[in-house]
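So the structure is just underneath, and the comments pick up after that.
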Amino acid sequence: MNRNASPSPTATTRPGSTRGIVLPGLVVLALAGILFVMRGPLMMSAPRCLAGRWHGCYDTFNGVVLMTLVALPLSGLVVWALARLRRAAADGTSALRLSVAEVGMVHGTVPFLWLTLMPGAGAGVVPGRFSLVPLRDLVTMGSLGIAGNLLVFASLGFFAPMRFAALASLPRVLALGAGCSVLVETAQYVLRLDRVSSVDDVLVNAAGAGLAALASRRWWRTRAGAPSDRSGPVLVPAGSGPARP
């Protein structure tokens with residue numbers, strides 16, 4: 001009896017399928033941790049949000065975070081639908097990764113943009129203010145403010161290199177985060193939202209996008225190195241088989 005027989009192909013776990021399971025698992029664990037830490041404030045906003053009231057829900061941090069978590073099942077459904085429609089690979093691993101990246105960029109970035117563009121008490125009355133001296137406002141942000149600014153474009157930095165091979169580079173992700181942050185700070189100033197447009201916000205936003213990109217590097221480097229997800233089999237011309245001895 002041969003005891004050294006190799007295992008059957010069906011019993012072998014492919015690395016691509018493992019990566020496709022690990023990424024959604026990490027996202028679920030991160031969201032579960034956020035929900036556990038913020039369970040008290042979120043429950044305070046739940047009655048107003050469930051009643052559909054604008055004031056106390058959509059104009060507060062807790063309300064926006066709560067609605068972001070409530071919308072997770074819908075985002076999961078969109079991921080499933082996109083993966084079903086996209087046949088990027090035979091086993092569907094690439095289709096799932098691309099779909100998660102597309103939905104993750106939107107779901108994880110739009111709520112933070114909503115918060116950063118939320119009008120203050122003096123919106124429309126107080127003139128626009130700006131601070132162009134680097135690191136001057138950083139000491140006044142506090143740990144909570146720094147953490148919030150790091151998260152503004154973290155989802156964009158995490159998922160964009162996985163979706164777009166042209167962004168599979170840390171300098172490009174930093175430039176993307178800085179460019180998006182400049183647009184946000186400019187909108188705050190032009191729309192007179194009673195917020196300070198600070199260069200420190202741009203620096204911290206870009207740093208958050210870069211750190212998130214490093215966290216997903218094992219996925220976007222593989223995609224950047226591949227010639228194409230839709231590449232088919234290589235065709236060999238007739239009569240050009242291997243040389244016979």
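The values are calculated or read from the model by the stated rules, or taken from the named source; none is laboratory data. Quick caveat: nothing in here was measured; it's all calculated off a predicted structure. Cβ sites come from the backbone with ideal geometry, for glycine too, and all protein chains shown count toward neighbours.
Please go through the stretch 99-122 and give me each residue that is in a loop (DSSP other than H, G, I, E, B) and either surrounded by 14 or more Cβ atoms within 10 Å (Cβ to Cβ) or modelled with pLDDT under 90 (or both), ordered by number.
Applying the first criterion (in a loop (DSSP other than H, G, I, E, B)) to the stretch 99-122 yields 117-122.
Residues satisfying the conditions are 118, 119, 120, 121, 122.
Would you confirm, using the coordinates I've provided, whether residue 155 is in contact (Cβ under 8 Å) with a residue 40 or more places away in the chain, in a helix (DSSP H, G or I) and under 16 Å from residue 110 (Cα atoms)?
On the way: in contact (Cβ under 8 Å) with a residue 40 or more places away in the chain: yes; in a helix (DSSP H, G or I): yes; under 16 Å from residue 110 (Cα atoms): yes.
Judged against the criteria, residue 155 is a match.
Which residue out of 126, 139 is exposed (fewer than 15 other Cβ atoms within 10 Å of the Cβ) and either among the polar types (S, T, N, Q) or within 18 Å of residue 207 (Cα to Cα) (or both)? Break it down stepwise before answering.
Working: 126 fails: either among the polar types (S, T, N, Q) or within 18 Å of residue 207 (Cα to Cα) (or both).
Of the residues listed, the single one that is exposed (fewer than 15 other Cβ atoms within 10 Å of the Cβ) and either among the polar types (S, T, N, Q) or within 18 Å of residue 207 (Cα to Cα) (or both) is 139.
Report, by residue number, each residue of the stretch 135-194 that is basic (Lys, Arg) and either at pLDDT below 90 or in contact with a strand residue (DSSP E or B) (Cβ under 9 Å, 6 or more places away or on another chain) (or both). Give the steps one after another, and end with the answer.
Just the residues of the stretch 135-194 that are basic (Lys, Arg), to begin with: 136, 163, 172, 192.
Scanning the stretch 135-194 gives a single hit, 136.
Residues are listed down the side, and each one gets a yes or a no for (1) closer than 22 Å to residue 220 by Cα; (2) at pLDDT below 65:
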site: 2; (1), (2): no, yes
site: 8; (1), (2): no, yes
site: 64; (1), (2): no, no
site: 83; (1), (2): yes, no
site: 86; (1), (2): yes, no
site: 92; (1), (2): yes, yes
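From the list 165, 178, exactly one residue is surrounded by fewer than 17 Cβ atoms within 10 Å (Cβ to Cβ) and either farther than 21 Å from residue 127 by Cβ or in contact with a helix residue (DSSP H, G or I) (Cβ under 8 Å, 6 or more places away or on another chain) (or both). Which is it? Even if it seems obvious, please write down each step before you answer.
Values: 178 fails: surrounded by fewer than 17 Cβ atoms within 10 Å (Cβ to Cβ).
Among 165, 178, only 165 is surrounded by fewer than 17 Cβ atoms within 10 Å (Cβ to Cβ) and either farther than 21 Å from residue 127 by Cβ or in contact with a helix residue (DSSP H, G or I) (Cβ under 8 Å, 6 or more places away or on another chain) (or both).
For the stretch 194-205, indicate whether the set of residues that are touching a Cys at 6+ places or on another chain (Cβ under 9 Å) and either under 19 Å from residue 149 (Cα atoms) or not in a helix (DSSP H, G or I) (or both) is non-empty. Even if it seems obvious, please write down each step before you answer.
Quick first cut of the stretch 194-205, residues touching a Cys at 6+ places or on another chain (Cβ under 9 Å) only: 205.
This time we only want the ones that are either under 19 Å from residue 149 (Cα atoms) or not in a helix (DSSP H, G or I) (or both), so: 205.
Within the stretch 194-205, one or more residues are touching a Cys at 6+ places or on another chain (Cβ under 9 Å) and either under 19 Å from residue 149 (Cα atoms) or not in a helix (DSSP H, G or I) (or both).
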